[in-house]
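A short write-up of the structure that comes next.
The values are calculated or read from the model by the stated rules, or taken from the named source; none is laboratory data. Computed from a prediction, not measured in an experiment: that's the story for all the values here. Positions of Cβ are backbone-derived with ideal geometry, glycine not excepted, and every protein chain shown enters the neighbour counts.
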Amino acid sequence: MVVVTRVDTTEVAEAMRGAIRADGLRPKLVGFLANEDPAARKYAEWTGRAASKDGIDYEIRELDPVALEAALDDANADPNVHGILIYYPVFGAAPSFFGGSMDDQLRDRVAVEKDVEGLCHTYRSNLYRNIRFMDRARTKKAIVPCTPLAVIKCLEHVGVHAKDSSKMLGKVVSVINRSEVVGRPLAAMLANDGATVYSIDVDSIYLMVRGKMSPTNLTPDAAIRSSDVVVLGVPSKNYKLPASLLKPNAVVVNVSTFKNLDDESAVVDYTYVPLVGRVTVACLERSLLTLYKQYHARRTVFFNRNNCTIIAAAAASALLLCVVALEKKLAAAP
């Protein structure tokens, strides 16, 4: 009899969100929704519900795609906005005048200090080069994309991704998705953590190890049969990976909105993570809090009766010290 261990990720998400609530901070996150994609709207709704419970000031701004760049500029310049989130896709694969796609152009439009998704050029470059801090003193963490980070948190939870220096060393992973938002950065993160990764897309398969990516003659089925971990991220209800391809005791993580696994054909025991959405939202909140502490906390003042009294007292003390110093200087003058 085949044993399938289903993993509930609620515990992972709640542990992260509990730490966020304990901080007692109230950063502001603005989400931009400029498409009709039902998955994007669902993600926006999840984000809003979680934010309201966790003390985060969340605002969703719906607008036409052509107005998005100007709106991003306004949010970048607003000191009361601490994080910016874009719900993709916006323009899809439409090309940009500046190279790449229009969605790439939008990703690069978000200020580094407010990019909770970690998708701007600076963060993407750091991710692929395995640069994990923004400064030489290693005091400011680089932000990484939320869904790939959520997958890693789930792998830590099931014991596949070690929390010590070995991380994913010796593990083989197949990632069936090569989008710039999920599949490609996830494959790079796992490779940088020591895994051998097969990046599988509709028409190609690449082998990724730390710092290197090359074509391989291996078939997708052969890659999956050799994998300790299989990540499913195909945005189609018609795609189903036969569970008969799985290695014994493999871990399967479904990041697609649709169930990408045909579990009726299973012949070996495996572990199944059916959803990562809750953990993705928790990772998003954690990234927002990181940005707030690193770039915004010293600039933000919350005016209420108590801290206004403290500020006034501090100002009075500083003024008194200045007066005393001036009197001493005058007394010492000839």
Failed criterion for ALA70 (all others in (1) modelled with pLDDT under 95; (2) aliphatic (A, V, I, L, M); (3) in the same structural domain as THR122 (by TED's automatic domain parsing) hold):
(1)
Go through (1) surrounded by fewer than 24 Cβ atoms within 10 Å (Cβ to Cβ); (2) free of Cβ contacts under 8 Å to residues at least 24 places away in the same chain one by one and return the number of the condition GLU180 breaks.
(2)
State whether the residues of segment 63-70 include one that is of a type in the set (Asp, Glu) and within 25 Å of LYS141 (Cβ to Cβ).
no
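Among the residues of segment 123-154, what is the count of those that are part of a helix (DSSP H, G or I) and surrounded by fewer than 17 Cβ atoms within 10 Å (Cβ to Cβ)? Walk me through it before giving the result.
Quick first cut of segment 123-154, residues part of a helix (DSSP H, G or I) only: 123-128, 146-154.
Pick out the ones that are also surrounded by fewer than 17 Cβ atoms within 10 Å (Cβ to Cβ) and you get 125, 128.
Total satisfying the criteria: 2.
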Condition met for VAL173 (touching a strand residue (DSSP E or B) at 6+ places or on another chain (Cβ under 6 Å), buried (at least 22 other Cβ atoms within 10 Å of the Cβ) and outside any helix (DSSP H, G or I)):
yes
In segment 21-43, which residues are modelled with pLDDT of 95 or more, under 23 Å from LEU275 (Cα atoms) and aliphatic (A, V, I, L, M)?
LEU33
Return the pairs, sorted by first residue and then second, in which the second residue is assigned to a helix (DSSP H, G or I) and hydroxyl-bearing (Ser, Thr, Tyr), the first residue lies in segment 261-280 and is surrounded by fewer than 19 Cβ atoms within 10 Å (Cβ to Cβ), the beta carbons are less than 6 Å apart, and the residues are 6+ apart or on different chains.
SER265/SER244; VAL267/SER244
Does GLU113 qualify as being among the acidic types (Asp, Glu) and either within 24 Å of LYS293 (Cβ to Cβ) or at pLDDT below 95 (or both)?
yes
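Matching residues to (1) free of Cβ contacts under 8 Å to residues at least 40 places away in the same chain; (2) part of a strand (DSSP E or B); (3) of a type outside the set (A, V, I, L, M):
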site: ALA13; (1), (2), (3): no, no, no
site: TYR43; (1), (2), (3): no, no, yes
site: THR47; (1), (2), (3): no, no, yes
site: TYR58; (1), (2), (3): yes, yes, yes
site: VAL66; (1), (2), (3): yes, no, no
site: ILE86; (1), (2), (3): no, yes, no
site: GLY99; (1), (2), (3): yes, no, yes
Check segment 190-206 and report whether any residue there is crowded, with 18+ Cβ neighbours inside 10 Å, under 17 Å from ASN260 (Cβ atoms), under 23 Å from the mean Cα position of the chain (by Cα) and of a type in the set (A, V, I, L, M, F, W, C).
yes
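Can you find a residue in segment 13-24 that is touching a strand residue (DSSP E or B) at 6+ places or on another chain (Cβ under 8 Å) and either of a type in the set (A, V, I, L, M, F, W, C) or buried (at least 19 other Cβ atoms within 10 Å of the Cβ) (or both)?
We begin by selecting, within segment 13-24, every residue touching a strand residue (DSSP E or B) at 6+ places or on another chain (Cβ under 8 Å); these are none.
No - not one qualifying residue is present in segment 13-24.
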